[in-house]
Amino acid sequence: MNNTIIVTGGAGFIGANFVLAWVKQGLGTVVNLDKLTYAGNLENLVEIQHNPHHVFVHGDIGDRTLLDKLLSEHRPCAVVNFAAESHVDRSIHGPEDFIQTNVVGTFHLLEAVRAYWGGLSHENRQNFRFLHVSTDEVYGSLGKTDAAFTESHTYAPNSPYSASKAASDHLVRAYHHTYGLPTLTTNCSNNYGPHHFPEKLIPLVIHNALAGLPLPIYGTGQQIRDWLYVEDHCAAIRRVLEAGKVGDVYNVGGWNEKPNIEVVKTLCRMLDIKKPRADGKSYVDQITFVEDRLGHDQRYAIDATKIASQLGWKPKETFESGIEKTVNWYLEHQEWVANVTSGDYRHWVAKHYAERGEELA
Ligand code: NAD
Ligand code: TYD
């Protein structure tokens, strides 16, 4: 065993930010296993494509033969599991891929890791970690005045996505409880930042605003999400890997609850300054209210007291500083946006938003 880690899903939004930071900070070699679904993109990793400390492997976390081979070849000291189907709307349209990757895939990964871990020396077994990256959505929806989610909040997932993540969290918990596998789980709130695929609210709004398209708000836009800048999430994961108590769960959040409509208006005002519309009007004029998401969760909010008090992690970015960095990144990376919004992406937005009475492609 050496200081190599295996990261799954490291070509997606959060995984790529995590891998880039890990390699650039010289923390060791990353073996990056990714299936390259529509959400995975090697362009996210272009900065480290020739770096000897980044080994990309195209494959599925459900492929036991490949997992056994990677584990025995690379002898990692940790596995960090980001790989997942992650978009709630897609899970409503077609839940099967979510069950396959998030539940069955995580199960195969846990089985492979358990076999590898069981064969390590006593000392290496003690030092090994399996970190599972999960979401606040497993806790369900909060009322306006409810206290934020703590780690002991009841699981009450409402979408096929959150149900599949909840199932995977339970498997991770069981592998620790039953087999003693040294697991860690993080449940994080909504992330935003560079490399975010423009099917999710923030990058979708930036992309549509600049393309002169409607900015679709589901329902009333009063649903609340708790936003965290992606690099802060990656720092939290590094801290949990380093100092988290084996078997424990850590909630990660930005203390940044915002109604969707406020987030969208903030983006519009920022773009009005940085990239004004040719006709001098505000991007706010492009806001359109569309049919609501089925089973739409009203509010998520994370109580991040445990990770702050026990591990000393807190976010560096405020919502204001993080959103400015994000908008700047998108303005500077229009080619990236153009590349990821071709092909399959057009098919998805055309179908999904047509059902809500809006033409987006
Ligand atoms: P993403 O959809 O951008 O990326 C997922 C990555 O996983 C892609 O690169 C994809 O190709 C890969 N992948 C999918 N199925 C795979 C499989 N079977 N085998 C190997 N690779 C596979 O997702 P994200 O937003 O980066 O989220 C990463 C993780 O963080 C997920 O587990 C998600 O549940 C969790 N999470 C996300 C958020 C958020 O706001 N985005 C918040 C909290 C937790
Ligand atoms: P999203 O980015 O899909 O993340 P999640 O559903 O995991 O929280 O959506 C964030 C919020 O924005 C959510 O309340 C749904 C809403 N939303 C819209 O109003 N319009 C859109 O086009 C999208 C994609 C999301």
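The values are calculated or read from the model by the stated rules, or taken from the named source; none is laboratory data. Keep in mind that what you see is a predicted model, and the values were worked out from it rather than measured. Cβ: placed from backbone, ideal geometry, glycine included. Neighbour counts: every protein chain shown. Calculation scope for accessible area: heavy atoms of the full protein, side chains included, ligands and nucleic acids excluded. Shrake-Rupley method; radii C 1.70, N 1.55, O 1.52, S 1.80 Å.
Computed quantities for the displayed model
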item	result
Subset of the stretch 117-140 [open to solvent by less than 60 Å² (accessible area, probe 1.4 Å), charged (D, E, K, R) and under 10 Å from Cys77 (Cα atoms)]	Arg129
Count of residues meeting criterion [among the small types (Gly, Ala, Ser), open to solvent by 10 Å² or more (accessible area, probe 1.4 Å) and out of contact with any Lys or Arg (no Cβ under 9 Å at 6 or more places or on another chain)] in the stretch 13-27	1
Qualifying position, being without any contact (Cβ under 8 Å) to a residue 40 or more places away in the chain and among the aliphatic types (A, V, I, L, M), among Ala148, Ala166	Ala166
Tally, over the stretch 220-267, of residues that are more than 13 Å from ligand 2 (Cβ to nearest atom), open to solvent by less than 40 Å² (accessible area, probe 1.4 Å) and in a strand (DSSP E or B)	4
Restricting the stretch 169-209 to residues that are more than 24 Å from Lys351 (Cβ to Cβ), among the aromatic types (Phe, Trp, Tyr) and more than 9 Å from ligand 2 (Cβ to nearest atom), the residue that is least open to solvent (accessible area, probe 1.4 Å)	Tyr175
Test for Ala16: is it of a type in the set (A, V, I, L, M), under 30 Å from Arg225 (Cβ atoms) and touching a Cys at 6+ places or on another chain (Cβ under 8 Å)	no
Of all residues in the stretch 72-110 being in contact with a strand residue (DSSP E or B) (Cβ under 7 Å, 6 or more places away or on another chain) and among the aliphatic types (A, V, I, L, M), the one that is surrounded by the fewest Cβ atoms within 10 Å (Cβ to Cβ)	Ala78
Lys351, sole failed condition from (1) open to solvent by less than 80 Å² (accessible area, probe 1.4 Å); (2) farther than 21 Å from Asn191 by Cβ; (3) basic (Lys, Arg)	(1)
Checklist (1) open to solvent by less than 50 Å² (accessible area, probe 1.4 Å); (2) closer than 21 Å to Cys268 by Cβ applied to Glu359, failing item	(1)
Selection count, the stretch 285-320, where residues are of a type outside the set (D, E, K, R) and within 15 Å of ligand 2 (Cβ to nearest atom)	13
Yes/no for Ile206 being part of a helix (DSSP H, G or I), within 15 Å of ligand 1 (Cβ to nearest atom) and β-branched (Val, Ile, Thr)	no
One residue from Val113, Val172 being in contact with a strand residue (DSSP E or B) (Cβ under 9 Å, 6 or more places away or on another chain), of a type outside the set (Ser, Thr, Tyr), assigned to a helix (DSSP H, G or I) and more than 22 Å from Ala235 (Cβ to Cβ)	Val113
Residue that is surrounded by the most Cβ atoms within 10 Å (Cβ to Cβ) [pool: residues in the stretch 279-306 that are closer than 29 Å to Ala163 by Cβ and either touching a helix residue (DSSP H, G or I) at 6+ places or on another chain (Cβ under 6 Å) or without any contact (Cβ under 8 Å) to a residue 24 or more places away in the chain (or both)]	Ile302
The stretch 313-336 residues that are free of Cβ contacts under 8 Å to residues at least 60 places away in the same chain, paired with ones that are in a loop (DSSP other than H, G, I, E, B) and crowded, with 18+ Cβ neighbours inside 10 Å (beta carbon under 9 Å, 6 or more apart)	Lys314/Trp255; Lys314/Ala304
Among the candidates Ala278, Ala304, residue that is touching a strand residue (DSSP E or B) at 6+ places or on another chain (Cβ under 8 Å) and aliphatic (A, V, I, L, M)	Ala304
